[in-house]
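Scroll down for the structure; my scribbles are underneath it.
Just so it is clear, none of the values below were taken in a lab; they were calculated from the coordinates. It should be emphasised that the depicted structure is a prediction, and the values quoted were computed from it without experimental measurement. With ideal geometry, Cβ positions are generated from the backbone for all residues, glycine too; neighbour counts draw on all protein chains shown.
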Amino acid sequence: MTRLRTAILISGRGSNMDALIAAARDPSFPAEIALVLSNRPDAPGLAKAKAAGVATAAVDHKIYAGREEFERSLQLVLETYRIEFICLAGFLRMFTPWFVGLWRGRMLNIHPALLPSYRGLDTHARALADGVKIHGATVHFVVPEMDEGPIVAQAAVPVLDDDTPQTLAARVLAQEHVIYPMALRLVASGAVRIEGNRVLAAPTPREATLIVPDAIAPTQRIS
Ligand code: GRF
């Protein structure tokens, strides 16, 4: 089985990165974590990735004149490692439409809210201030607009009366660690396809049989 060569892009502690690395240790997982890349050379997640035996690199955005120069360097590193797929995991830089276009349909992000509610920052404090009873996390494909794009997986958690932004964040984060590997598995195994703004189940082999033209001999059909 060829596994999808995946890079995880981080800016911080990398707990979602840990969850993805752990899932990909299973040889039957359809993606391998071929690189952890950070825009911050001092990101704590980089040391954890190294300790886990994963290749790491840092491209410090601060030394570049502009966003696109920074992204060209990122792209060069990704090409050097023959990366086929990207998982953003707490990567705190916005991408230009150029970079998003290069990776369209091949880049996931995790957001700590039930999109399309609570795009942007401070999602947990905002959810508490609004008095919502359900909060959660979303894994979605990246499009040029921030925190938009076809949704692959979501997890909901209850908001409890005595929650603080921190306790709510911790409950959501535990679910992030479940749905991110699950979403990467679905996408990397080809189990889902993007249709417009939706992520739907890809045709199963059985359905594929039904669309084989009649002219093809039965022995050639997928069973
Ligand atoms: C997570 O809450 C994720 O949803 C958001 O950034 C945070 C990253 O946390 N995009 P970690 O670095 O994965 O621990």
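Observations on the structure shown:
- Stretching Ile194 away from Ala52 to a fully extended chain increases their span by 47.9 nm, per 0.36 nm per residue minus the current alpha-carbon distance.
- A straight Cα-to-Cα reach below 15 Å connects Lys62 with the aspartates and glutamates Asp42, Glu71, residues fewer than 8 places away in its own chain not being considered.
- Nitroxide proxy distance, nm - points 7 Å out along Cα→Cβ at Met146 and Glu79: 2.9 nm
- Sequence-distant residues sharing a close amide H with Val152 (under 5 Å, placed H): Val139, His140, Phe141
- Pair Arg126, Gln166: separation of 7 Å Cα→Cβ label points (nm): 2.3 nm
- Among Leu46, Ser117, Val139 - extreme Cα towards positive end, dipole of the chain, charges at beta-carbon: Leu46
- Taking the alpha carbon gyration tensor of region 1-103, multiplying each eigenvalue by 5 and rooting it gives semi-axes of 22, 16, 11 Å, largest first.
- For Lys48, a cut-off of 19 angstrom between C-alpha atoms picks up these aspartates and glutamates, skipping any fewer than 8 places away in its own chain: Asp18, Asp26, Glu32, Asp60, Glu176.
- Length-normalised contact order for the chain - Cα pairs under 8 Å, 6+ apart - percent: 17 percent
- Student exercise, the chain dipole from Lys, Arg, Asp, Glu Cβ charges, in Debye to nearest 20: 500 debye
- Peptides 63-76, 173-186 ordered by packing proxy, namely the average of other Cβ atoms within 10 Å per residue, highest first: 173-186, 63-76.
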